[in-house]
Structure formats: structure tokens, C-alpha cells
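Below: one structure, written as C-alpha cells.
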Amino acid sequence: MSELFDKHGGFRKLHSFTLSTIVQLETLRFCRCFLTFDHREADTKFYDPKGRQYDQMTQAARSGRQNIIEGSERSATSKDTEMKLTDVARASLSELRGDYEIIILDRGQLPWSIHSPEAKAVNAISLDDAPFRDDLVHESAKHALKQREKYARWLDSDDMSVVANAMLIMIGRALKMLKSQTEAQGKKFEETGGFSERLMTKRIEARETQKNDEAPECPQCGKAMRRRRSARGEFWGCLAFPDCKGTRPMGEK
């Protein structure tokens, strides 16, 4: 029988988390560098007189990363919540992608074509696996900054459009990763069920064990057994059925 709580909290090893961390950091930097409250700088920066664009973009970037964290932690007791939060992360990053797209269009330009040399170069970058040992927070941050260096050629540009285009592609990759995660989470839920189902199974097992204090142990796995009935009559069957198919004749104790 499966354990009551699912494994959880492994988000720091996900490429989607690493990429979302870079996206949040670079969105903060982008907003500080390229959004302006001064109309006299509107020819080189994005004019944001009330600061709403700044708030929306930084909050969307934060939501993308934070919902990956929360979803991973909640997976211990709720696959449904994990999937919903992963979907919220996708929605937040999609919103952020829309902001970068508008910034490019506002300058009278078009986002890079996926067939352009620049887009192909950004898309060709692969992330390294996270080499974590025991200092997860420190090593996770170090890993994210090291992966960020691979995009530095575009992210460190003084051209707002270059940075925005690179961010569009990076966010698009993160969205594909999160889509794959959601599909994997749904498949696992179909195979193993949710926390509520396992909790009920555990409770039934405990009640059956209390009712069958004189029941024998399963010859295969050692768990308690319960009375079961077939066309041939009663017999002892393992409580862990169908994971374990151990049986004993009713006369055995």
C-alpha cells in the first residue's frame, strides 16, 4: 500500500523553478532600468507615469515563481491543489509575457521571429541539472545565477527591446515546462489517487485491524488480515489487497 503522504518540496531541482527565478530577478532589473516616470525619457524607456506597469510586471513574475514553490509543498496532501497552483504559475507568467510583448510593440517593433538567429540562439541554451547536496537555499541561488550567465549576452544589453525579446523566449520555455509538469501531476493522480482516498484507506485498515485482533498475519507481507468471502466460502485476505494478494484458510490463526 502506498504511503499516506506524497513526496513534496523538490521544487528547487525543477528547471521551471530555476528559469522562473531568473525571470523574476530579470523582471525586477528590467523594470528598474527601463520603466520611467519621466516623460522626457519616453524615447529610450517605457513611460509608466503611475507605476502600474511596474507593479503588474513584478507581481506577475513573483506569482510565477512563488506558486511553483507553494504547489510543490502542497503536493504532500493535495495533488489537486498542486495542479491548480502550477496552473496559476503558468497564468501569471503568461500575463508577464503579454507585458513584454506590449513593450516591444510600443516601440514600433515586432517580437523576434522564432526563425530569427537571435531567437534560435536563446532557445538553444540548455539548463544544467541542479547539483544540490545539503545547503539547498544557498546552492539553489548559486545555481540560478550560474544559469543566468548563459543568457547574459542578451539580458545585460542596454537595448530594452533586446532584453524584452530574450525574456519573451525564456518565459515561453518556462510555460512549456510547467505544462509538462501539470500533465505529469495529473497522470500521477490517476495512478495513485489523492490524499483523501489514501486517508480513508488507512482509516479502514486501522478499523479492520481493531476488529480482527485474532486475525493472522499475512504470509507474504506480514500485515494484518481480514475476513473475506468468495464462492468457496470465507478466508483470510491481506488488508493490503490488491497490492498484496496473500491469503490463509479461515481455520488458521
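All of the numbers you see were taken from the coordinates with simple rules; none came from a lab. Keep in mind that what you see is a predicted model, and the values were worked out from it rather than measured. Here Cβ is always computed from backbone atoms with ideal geometry, including for glycine, and neighbour counts include all displayed protein chains.
Counting other Cβ atoms within 10 Å as a rough exposure proxy, the listed residues F17, F46 run F46, F17 from fewest neighbours to most.
Sorted ascending by nearby beta carbons within 10 Å, beginning with the fewest, I125, I104, I169 become I125, I104, I169. Between K223, K79, K188, the GNM of the chain built on Cα springs shorter than 10 angstrom shows K223 fluctuating the most. Protection proxy ranking for 128-139, 47-58, using the average of other Cβ atoms within 10 Å per residue and placing the highest first: 47-58, 128-139. Working from label points 7 Å from Cα in the Cα-to-Cβ sense, the K146 to S230 distance is 5.7 nm. Placing pseudo-labels 7 Å out from each Cα toward the beta carbon at D106 and Q56 gives an inter-label distance of 0.9 nm.
Under a 5 Å amide H cut-off, with hydrogens placed 1.01 Å from N, G10 pairs with nothing among residues at least 5 apart or on other chains.
Taking 0.692 mPa s as the viscosity and 37 °C as the temperature, the Stokes-Einstein diffusion coefficient of region 78-176 based on its alpha-carbon Kirkwood radius rounds to 215 µm²/s.
Note down the Stokes-Einstein diffusion coefficient of the chain in µm²/s, whole number, using a Kirkwood radius over alpha carbon pairs, 25 °C, and 0.890 mPa s. Translational diffusion coefficient: 113 µm²/s. Using only side-chain charges placed at the Cβ, +1 for Lys and Arg and -1 for Asp and Glu, the dipole size of the chain relative to its Cα centre rounds to 980 debye. Its relative contact order, with pairs defined as Cα atoms under 8 Å and 6+ residues apart, puts the chain at 20 percent. In terms of distances greater than 30 angstrom between alpha carbons, the cross-link table entries K13/K79; K13/K120; K188/K223; K179/K245; K150/K188; K50/K179 yield K179/K245; K150/K188; K50/K179. Dimensions of region 29-132 from C-alpha coordinates, computed as largest minus smallest value along each principal axis and given longest first, are 53, 36, 24 Å.
By DSSP, the beta bridges lying fully in the chain are antiparallel in about 85 percent of cases. For the chain, adding -39500 (n - 2.57) for each run of n ≥ 4 DSSP H residues and dividing by the number of residues yields -19500 deg cm²/dmol at 222 nm.
Derived scalar couplings between HN and Hα for region 80-94 equal 4, 5, 4, 5, 5, 5, 5, 5, 5, 4, 4, 4, 5, 5, 5 Hz in order, rounded to whole Hz, by the Karplus curve 6.51 cos²θ - 1.76 cosθ + 1.60 (θ = phi - 60°), x for Gly and Pro. What's the center-to-center distance, using Cα atoms, between region 53-129 and region 164-186 in Å? Their Cα centres are 6 Å away from one another.
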